[in-house]
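Comments concern the structure below.
The values are calculated or read from the model by the stated rules, or taken from the named source; none is laboratory data. Quick caveat, the model's predicted, so the values are computed rather than measured. Ideal geometry is used to build each Cβ from the backbone, glycine not excepted, and the neighbour counts take in all protein chains shown.
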Amino acid sequence: MRQNPVYRKQVERIGKEEFLSFYLACEPEKWYSNKEMQVFPFPGRVQSLAGRYLIKKAISEFLEEKEHMQEIEIFNNDFGKPEVTLGEHIHQAMKRKGIKRVECSLSHSQHYITGMTLFCY
């Protein structure tokens with residue numbers, strides 16, 4: 001008998017130039033809350049915005065939820081660790097999938113950004 005996993009890991013990577021093209025073509029207010037756009041202003045915090053985009057994209061794809069991305073907020077705690085806060089629509093989608101919480105990690109170099117998302121059952 002196969003046992004259910006305790007978590008599912010998803011790793012995403014994007015190039016800085018690729019993210020810039022996406023950001024300039026999209027409507028940022030669909031992906032980011034007002035608070036995120038204030039804390040991580042464009043273009044000064046491109047890597048921070050890109051990392052958050054990767055986490056939100058992973059959550060969106062896993063939950064099959066294309067709306068309400070601005071309900072997913074990612075801010076750093078006092079130690080610099082990114083923490084995910086979810087709005088009601090996303091929280092309900094997580095409950096339907098049996099996900100209890102989401103953890104994430106972000107990293108970047110000069111040209112690439114990586115985001116890892118853990119979906120914890």
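Taken as a whole, the stretch 92-107 holds no residue that is at pLDDT below 95 and farther than 21 Å from Val6 by Cα.
Under the condition of being small (Gly, Ala, Ser) and farther than 20 Å from His68 by Cβ, which residue from the stretch 30-49 is surrounded by the fewest Cβ atoms within 10 Å (Cβ to Cβ)? Here the residue is Gly44. Quick one: would you say Glu27 is among the charged types (D, E, K, R), more than 30 Å from Tyr121 (Cβ to Cβ) and surrounded by 12 or more Cβ atoms within 10 Å (Cβ to Cβ)? Taking the combined requirement at face value, the residue does not satisfy it.
Against the test of being over 11 Å from the mean Cα position of the chain (by Cα) and either modelled with pLDDT of 90 or more or under 27 Å from Gly98 (Cα atoms) (or both), the options Glu73, Glu29, Glu64, Glu83 yield a single qualifying residue, Glu64. All of (1) outside any loop (DSSP other than H, G, I, E, B); (2) of a type outside the set (S, T, N, Q); (3) at pLDDT below 95; (4) closer than 25 Å to Lys16 by Cβ hold for Ile113 with one exception: (3). Screening the stretch 80-98 for residues that are touching a residue at least 12 places away in the same chain (Cβ under 8 Å) and of a type in the set (Gly, Ala, Ser) and picking the one that is surrounded by the fewest Cβ atoms within 10 Å (Cβ to Cβ) gives Gly98. Taking the stretch 1-71 as the region of interest, the helices (runs of 4 or more DSSP H) fully inside it that hold 3 or more residues being in contact (Cβ under 8 Å) with a residue 60 or more places away in the chain are 16-25, 46-63. Of the numbered conditions (1) among the charged types (D, E, K, R); (2) surrounded by 13 or more Cβ atoms within 10 Å (Cβ to Cβ); (3) touching a strand residue (DSSP E or B) at 6+ places or on another chain (Cβ under 6 Å), Arg101 fails exactly one; give the number of that condition. All conditions pass for Arg101, except number (2).
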